[in-house]
Amino acid sequence: MKVCDIAKILNGNILFSNEKCESDFLTACGADLMSDVMAFARDNEILLTGLTNPQVVRTAEMMDIKAIVFVRGKVPPEVSLDLARELGVNIICTKLPMFVACGKLYEHGITGGVHEE
Amino acid sequence: MNQSMVKVFDIQKDDFISAGEASSSVKKILKQLGVSPEVIKRAVISMYEAEMNAVIHGGGGKGYAEFFKEHIEIIIEDNGPGIENIELAMQEGYSTAPGNIREMGFGAGMGLPNIKKHSDQLEIKSEVGKGTTLKITINF
């Protein structure tokens with residue numbers, strides 16, 4: 001799934017799109033706890049979160065996560081967006097709450113991470 | 001690489017904008033050295049969690065990353081209050097972080113357990129009232 005598909009499914013806005021990133025996203029992780037993201041996230045995941053501080057983008061960098069969806073209508077501050085641009089992390093905003101956003105992506109074939117077989 | 005290379009970083013107290021820059025630099029160097037992505041991830045998760053601990057609890061401090069042929073040693077030292085009970089601090093979910101830190105997605109008592117989980121060796125030296133030093137080893 002491409003970044004534009006994610007935005008379309010979630011009725012969201014793309015705030016930053018990394019043109020060089022042709023990533024095909026297959027899995028996602030929904031979390032507001034960054035330590036959990038670091039403990040469980042896989043490569044090439046989409047991170048869905050309601051937190052917008054720069055450390056969310058930094059966590060994505062550490063985990064090689066190339067797309068963040070901010071849920072519940074949260075808009076990231078400029079400092080987070082700057083970091084996302086610098087690191088090439090795609091940023092999408094949606095008004096949908098976390099559960100619904102995850103559900104919609106799941107419905108379209110995006111699966112969970114580590115513990116799902 | 002016969003001689004090791006050392007990088008030194010300043011870690012600023014309560015600076016949640018630039019926190020993580022040290023780990024980010026180390027990630028770039030490990031990539032340049034051709035270390036495998038899986039090992040890089042273990043190293044940067046460990047270092048980033050330790051760096052955040054120093055920012056949150058330790059009142060800032062210093063980070064050192066020493067690159068050897070077959071491993072990396074990461075030292076994060078702070079001049080914070082120290083850890084009273086290391087065994088307790090190693091338990092998942094045990095936290096002394098204030099609410100504003102938890103609101104940022106950290107401080108849920110996962111930092112030290114995450115470092116332990118992702119590193120090959122973890123040494124913690126801590127003295128109450130003086131500070132804490134973590135030595136993390138990751139084998140390539």
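Please report the relative contact order for region B:55-139, taking Cα pairs under 8 Å with a sequence separation of at least 6, and give it as a percent rounded to a whole number. Present the calculation step by step, with values, prior to reporting the outcome.
Numbers: 155 pairs, mean separation 29.9, N = 85.
Normalised by residue count, the contact order of region B:55-139 is 35 percent.
Give me a comma-separated list of calculated 3J(HN,Hα) values for region A:62-75, in order, Karplus coefficients 6.51, -1.76, 1.60 applied at θ = phi - 60°, integers in Hz, x for any Gly or Pro.
These are the phi-based 3J(HN,Hα) values: 4, 9, 6, 7, 10, 8, 10, 10, 8, 9, 6, x, 6, 10 Hz.
How large is ³J(HN,Hα), in whole Hz, for each residue of region B:36-42 in order, when computed from phi with the Karplus curve 6.51 cos²θ - 1.76 cosθ + 1.60 and θ = phi - 60°, using x for Gly and Pro?
5, x, 5, 6, 4, 4, 4
Compute accessible area for region B:2-36 by itself and then with all protein chains, 1.4 Å probe, and report residues whose area falls by 30 Å² or more.
For region B:2-36, once contacts with the other chains are taken into account, B:Ile17, B:Ser24, B:Lys27 lose 30 Å² or more.
What is the mean number of Cβ atoms from other protein chains located within 10 Å of the Cβ atom of each residue in peptide A:46-58, rounded to a whole number? Could you put the intermediate results ahead of the total?
Working: counts 0, 0, 0, 1, 1, 4, 2, 6, 6, 10, 2, 1, 11.
Partner Cβ neighbours, averaged per residue: 3.
How much of the DSSP bridge set in region A:3-107 is antiparallel, in percent, rounded to the nearest 5? Walk me through the intermediate numbers first.
Numbers: 3 of 15 bridges.
Roughly 20 percent of the DSSP beta bridges within region A:3-107 come out antiparallel.
At 222 nm, what value in deg cm²/dmol follows for chain A if DSSP H runs of at least 4 each add -39500 (n - 2.57) and the sum is divided by all its residues, to the nearest 500? Intermediate results must be reported in sequence, preceding the final value.
Values: 5 runs with 43 residues, N = 117.
About -10000 deg cm²/dmol.
Which three extents, in angstrom, do the Cα atoms of the protein assembly as shown have along their principal axes, listed largest first?
For the protein assembly as shown, the Cα spread along each principal axis is 52, 43, 37 Å.
Just the number, please: carbon plus sulfur as a percent of the accessible area of the protein assembly as shown, 1.4 Å probe, no ligands or DNA/RNA counted.
Working: 6090 of 12260 Å².
On the protein assembly as shown, the fraction of accessible area on carbon and sulfur atoms equals 50 percent.
If Lys and Arg each add +1 and Asp and Glu each add -1, what is the summed charge of the other residues whose beta carbon sits under 15 Å from the beta carbon of B:Gly60?
Numbers: positive: B:Lys13, B:Lys62, B:Lys130; negative: B:Asp10, B:Asp14, B:Asp15, B:Glu21, B:Glu51, B:Glu77, B:Asp78.
Taking every Cβ under 15 Å from that of B:Gly60, the sum is -4.
Within 10 Å of each Cβ in B:42-49, how many Cβ atoms from other chains are there, averaged over the peptide? Please report the intermediate quantities before stating the final value.
On the way: counts 0, 1, 5, 8, 2, 1, 9, 5.
Counting Cβ atoms of other protein chains within 10 Å of each residue's Cβ and averaging gives 4.
Can you give me the P(r) profile for region A:3-107? Cα pairs, bins 5 angstrom wide beginning at 0, each as a whole percent.
2, 14, 28, 29, 21, 5, 0
Region B:5-139: D in µm²/s via Stokes-Einstein (Kirkwood Rh, Cα pairs, 37 °C, 0.692 mPa s)? It would help to have the intermediate numbers written out before the result.
Details: Rh = 14.7 Å.
Diffusion coefficient, whole number: 223 µm²/s.
Which value, in Å to one decimal place, does the Kirkwood hydrodynamic radius take for region B:49-93 when every pair of different Cα atoms is included? Could you put the intermediate results ahead of the total?
On the way: mean 1/r = 0.0843 Å⁻¹.
The Cα-based Kirkwood calculation yields 11.9 Å.
Tally Lys and Arg at +1 and Asp and Glu at -1 over the other residues with C-beta under 11 Å from the C-beta of B:Gly82: what net charge comes out? Can you show the working numbers first?
Working: positive: B:Lys125, B:Lys130; negative: B:Asp78, B:Glu84, B:Glu127.
Local charge sum for B:Gly82: -1.
How many Å² of accessible surface get buried when B and A come together, counting both sides, probe radius 1.4 Å, rounded to the nearest 100? Present the calculation step by step, with values, prior to reporting the outcome.
Details: alone 7940 and 6210 Å², together 12260 Å².
Looking at B and A, the buried total is near 1900 Å².
Beyond a 30 Å Cα-Cα separation, which of these cross-linked pairs lie in this structure: A:Lys95/B:Lys28; A:Lys74/B:Lys116; A:Lys104/B:Lys31; A:Lys8/B:Lys116; B:Lys7/B:Lys116; A:Lys2/B:Lys117? Let's see the in-between values first.
Values: A:Lys95/B:Lys28 35 Å; A:Lys74/B:Lys116 33 Å; A:Lys104/B:Lys31 35 Å; A:Lys8/B:Lys116 40 Å; B:Lys7/B:Lys116 22 Å; A:Lys2/B:Lys117 32 Å.
Table pairs above 30 Å Cα-Cα are A:Lys95/B:Lys28; A:Lys74/B:Lys116; A:Lys104/B:Lys31; A:Lys8/B:Lys116; A:Lys2/B:Lys117.
Enter the accessible area per residue of region B:5-139 (Å², integer; probe 1.4 Å; all protein chains in place).
Working: 6440 Å² over 135 residues.
It amounts to 48 Å² per residue over region B:5-139.
Short version: ³J(HN,Hα) in whole Hz for each residue of region B:52-57, in order, from phi by Karplus 6.51 cos²θ - 1.76 cosθ + 1.60 (θ = phi - 60°), x for Gly and Pro, what are they?
Per residue, the Karplus-derived 3J(HN,Hα) values read 4, 4, 5, 5, 6, 9 Hz.
Counting only other residues whose beta carbon sits under 14 Å from that of B:Tyr94, what net charge do I get with K and R as +1, D and E as -1? Don't jump to the answer; show the numbers that get you there.
Details: positive: B:Arg102, B:Lys116; negative: B:Glu84, B:Glu87, B:Glu92.
Every neighbour counted, the sum reads -1.
For every helix of n ≥ 4 consecutive DSSP H residues, a contribution of -39,500 (n - 2.57) applies; sum these over chain B, divide by its total residues, and give [θ] at 222 nm rounded to the nearest 500 deg cm²/dmol.
Working: 5 runs with 48 residues, N = 140.
-10000 deg cm²/dmol, from helical runs alone.
Show the residues, 5+ positions off or on another chain, whose built amide H is closer than 5 Å to the amide H of A:Glu45.
Amide H neighbours of A:Glu45: A:Lys66.
The values are calculated or read from the model by the stated rules, or taken from the named source; none is laboratory data. Predicted model only: the values in this text are computed from it and were never measured. Here the Cβ is made from the backbone with ideal geometry for all residues, glycine too, and neighbour counts use every protein chain on show. In case anyone asks, the SASA skips ligands and DNA or RNA and just uses the protein heavy atoms, side chains included. Shrake-Rupley method; radii C 1.70, N 1.55, O 1.52, S 1.80 Å.
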